[in-house]
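K.L.:
Quick one: this structure, given as structure tokens, is what I'll be asking you about.
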Amino acid sequence: MKLQQLRYIVEVVNHNLNVSSTAESLYTSQPGISKQVRLLEDELGIQIFERSGKHLTKVTPAGEDIVRISRDILSRVESIKAVAGEHTHPEMGTLNIATTHTQARYALPAVIQGFTARYPKVSLHMHQGTPAQIADAVGKGRSDFAIATEALHLYQDMIMLPCYHWNRSIVVRSDHPLATKTNITIHDLAAYSLVTYVFGFTGRSELDSAFNRSGLTPKIVFTATDADVIKTYVRLGIGVGVIASMAMDPETDKDLVAIDASHIFAASTTKIGFKKGTFLRTYMYDFMERFAPHLTRNVVDQAIALKSNGEIEAMFAEIELPVR
């Protein structure tokens, strides 16, 4: 059994059993991968994949267990490399972050600017996606950190650390009736067409929950993953925008009126997470603290020592998180 064989079966699964695509991503040949997979199956005496002719069609039950363990083994190998890098070249390395557009556009720029100035030899890569794509990227080792707010059930196999609370603003044109209204209620909001996030993005679930609690149904006419796109359609008069307050720019959004909606919607919490068992480089600890100053190395290590995200939640219940 070779590490190369384990890497091949994991990557075949990552590429939806497409051996040709796997070979292309690994800069090797399709016959070479197929041969190594067969050799591993022969050595183990079981099938990892079901086949139809030359095509892989399904991962067998035994194969699912083998792929899961193989992921853990490969993750440990990467941790060994990280330990070596920490001792030989502590200022060098890579950092991959998976997050949503709102975090990438509004929460992270200053953090990344300071980080790259401090660690010019660390190659930083950002991947934007849905909550499911973010969780998948970290779960499969393509990203080191997940920064997310929604669908936290997808991150149960990760250590998730609360970073900050945030809320929403109602965004309208200056000539809109709500622009001069005081004490806006959810019933006022329900009277208008809404432009907001796609479900599963940037705290959208709380918007739906708030309407449900009031026995109302929101009139959502347009959704997007990008707050800048939402503001564009508010400007066009398509509807009233509901976006993260942090997504309002006092310079570029002077033509819009933002109305605090924290009395209508409950605050959401953004978290940063990583796979259990990850060896954290010094620059990774530093990144987390820059993003959320209460996440010092000592606090992060305390959280890692806990058994579940439920215990982590209880630990952070005693820490006052910042509000953005």
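The values are calculated or read from the model by the stated rules, or taken from the named source; none is laboratory data. All of these numbers come straight from a predicted model, not from anything done at the bench. Counting neighbours? That spans all protein chains shown, and the Cβs are built from the backbone with ideal geometry, glycine included. The accessibility values were calculated without ligands, DNA or RNA, using every heavy atom of the protein model including side chains. Shrake-Rupley method; radii C 1.70, N 1.55, O 1.52, S 1.80 Å.
K.L.:
Can you tell which of A137, T182, T149 lies farthest toward the positive end of the dipole of segment 129-204, using +1 and -1 charges on the Cβ of basic and acidic side chains (Lys, Arg; Asp, Glu)?
P.N.:
With unit charges placed on the Cβ atoms, the residue in question is T182.
K.L.:
A follow-up question, please. If one computes P(r) from the Cα atoms of segment 48-206, what percent of pairs lie at distances over 21 Å?
P.N.:
64
K.L.:
Evaluate the charge dipole of the chain about its Cα centre and quote only its size in Debye, nearest 20, assuming +1 on the Cβ of each Lys and Arg and -1 on the Cβ of each Asp and Glu. Present the calculation step by step, with values, prior to reporting the outcome.
P.N.:
Working: 33 positive and 34 negative charges, 109 e Å.
For this selection, approximately 520 debye.
K.L.:
Okay, moving on. In segment 58-150, carbon and sulfur make up what percent of the accessible area (probe 1.4 Å)? All intermediate terms of the calculation are to be shown ahead of the outcome.
P.N.:
Values: 2580 of 4530 Å².
In segment 58-150, the share of accessible area belonging to carbon and sulfur is 57 percent.
K.L.:
Sticking with this one: Under a point-charge model restricted to the Cβ atoms of Lys and Arg (+1) and Asp and Glu (-1), what is the dipole moment magnitude of segment 1-51 relative to its Cα centre, in debye to the nearest 20?
P.N.:
Around 100 debye, computed over segment 1-51.
K.L.:
What's the carbon and sulfur percent of segment 157-267's accessible surface, probe 1.4 angstrom, rounded to a whole number? Kindly include the intermediate steps, with their values, before the conclusion.
P.N.:
Numbers: 2510 of 4800 Å².
Carbon and sulfur together cover 52 percent of it.
K.L.:
I'd like to know which of S308, S169, G93 lies farthest towards the positive end of the charge dipole of the chain, counting +1 on Cβ of Lys and Arg and -1 on Cβ of Asp and Glu.
P.N.:
G93
K.L.:
Could you go through segment 272-280 in sequence order and give the Karplus-derived ³J(HN,Hα) for each residue, using 6.51 cos²θ - 1.76 cosθ + 1.60 with θ = phi - 60°, rounded to whole Hz, and x for Gly and Pro?
P.N.:
Once θ is set to phi - 60°, the couplings for segment 272-280 become 10, x, 8, 5, 4, x, 5, 7, 8 Hz.
K.L.:
Right, here's the next one. Quick check: convex hull of the Cα atoms in the chain, volume per residue, rounded to a whole Å³? The partial results should precede the final answer.
P.N.:
Working: hull volume 56.5 nm³, N = 324.
Each residue corresponds to 174 Å³ of Cα convex hull volume.
K.L.:
Among F222, F274, F145, which one shows the highest mean-square fluctuation when the chain is modelled as a Gaussian network with alpha-carbon springs under 10 Å?
P.N.:
Looking only at F222, F274, F145, the largest GNM fluctuation is found for F222.
K.L.:
Under a 1.4 Å probe, what is the accessible area of the chain per residue, stated in Å²? Provide the component values of the computation, followed by the final result.
P.N.:
Details: 15940 Å² over 324 residues.
It amounts to 49 Å² per residue over the chain.
K.L.:
Per DSSP H run of at least 4 residues, take -39500 (n - 2.57); add these up for the chain, divide by its residues and hand me the 222 nm value, nearest 500 deg cm²/dmol.
P.N.:
Values: 12 runs with 131 residues, N = 324.
Calculated from helices alone, the mean residue ellipticity at 222 nm is -12000 deg cm²/dmol.
K.L.:
Quick one: putting +1 on the C-beta of Lys and Arg, -1 on the C-beta of Asp and Glu, what dipole do you get for segment 213-324 around its Cα centre, in Debye to the nearest 20?
P.N.:
400
K.L.:
For segment 1-109, what ratio Rg/Rh do Cα atoms give with a Kirkwood hydrodynamic radius?
P.N.:
Details: Rg = 17.3 Å, Rh = 16.0 Å.
With Rh from the inverse mean 1/r over Cα pairs, Rg/Rh is 1.08.
K.L.:
How big is D for segment 184-224, in µm² s⁻¹ as a whole number, if Stokes-Einstein is applied with the Kirkwood radius of its Cα pairs at 4 °C and 1.567 mPa s? All intermediate terms of the calculation are to be shown ahead of the outcome.
P.N.:
Details: Rh = 10.4 Å.
Approximately 125 µm²/s, per Stokes-Einstein.
K.L.:
Taking every alpha carbon pair in segment 105-145, what does the distance histogram look like in 10 angstrom bins from 0, in percent?
P.N.:
Cα pair-distance distribution for segment 105-145, in percent: 25, 45, 29, 0.
K.L.:
Can you list residues whose amide H is under 5 Å from V240's amide H, if they're 5+ apart or on another chain and H is modeled 1.01 Å from N?
P.N.:
S193, L194, V195
K.L.:
Taking GluC sites (Glu not before Pro) that fall in a DSSP loop and have at most 13 other Cβ atoms within 10 Å as cut points, what is the longest piece of the chain between them? Please list the in-between numbers first.
P.N.:
Values: sites that count: E91, E251, E318, E320.
Answer from the scan: 92-250.
K.L.:
Filter the trypsin sites (Lys or Arg not before Pro) in segment 22-98 to those in DSSP coil with at most 13 other Cβ atoms within 10 Å of their Cβ, and list the result.
P.N.:
Details: sites: K35, R38, R51, K54, K58, R68, R71, R76, K81; in loops: K54.
Passing sites in segment 22-98 are K54.
K.L.:
On the Cα set of segment 183-289, report Rg and Dmax in Å, please.
P.N.:
16.9, 51
K.L.:
OK, next. When only DSSP loop residues count, what chymotrypsin sites (Phe, Trp or Tyr not before Pro) in segment 1-67 have their Cβ near at most 14 other Cβ atoms within 10 Å?
P.N.:
Working: sites: Y8, Y27, F49; in loops: Y27.
Hits after loop and neighbour filter: Y27.
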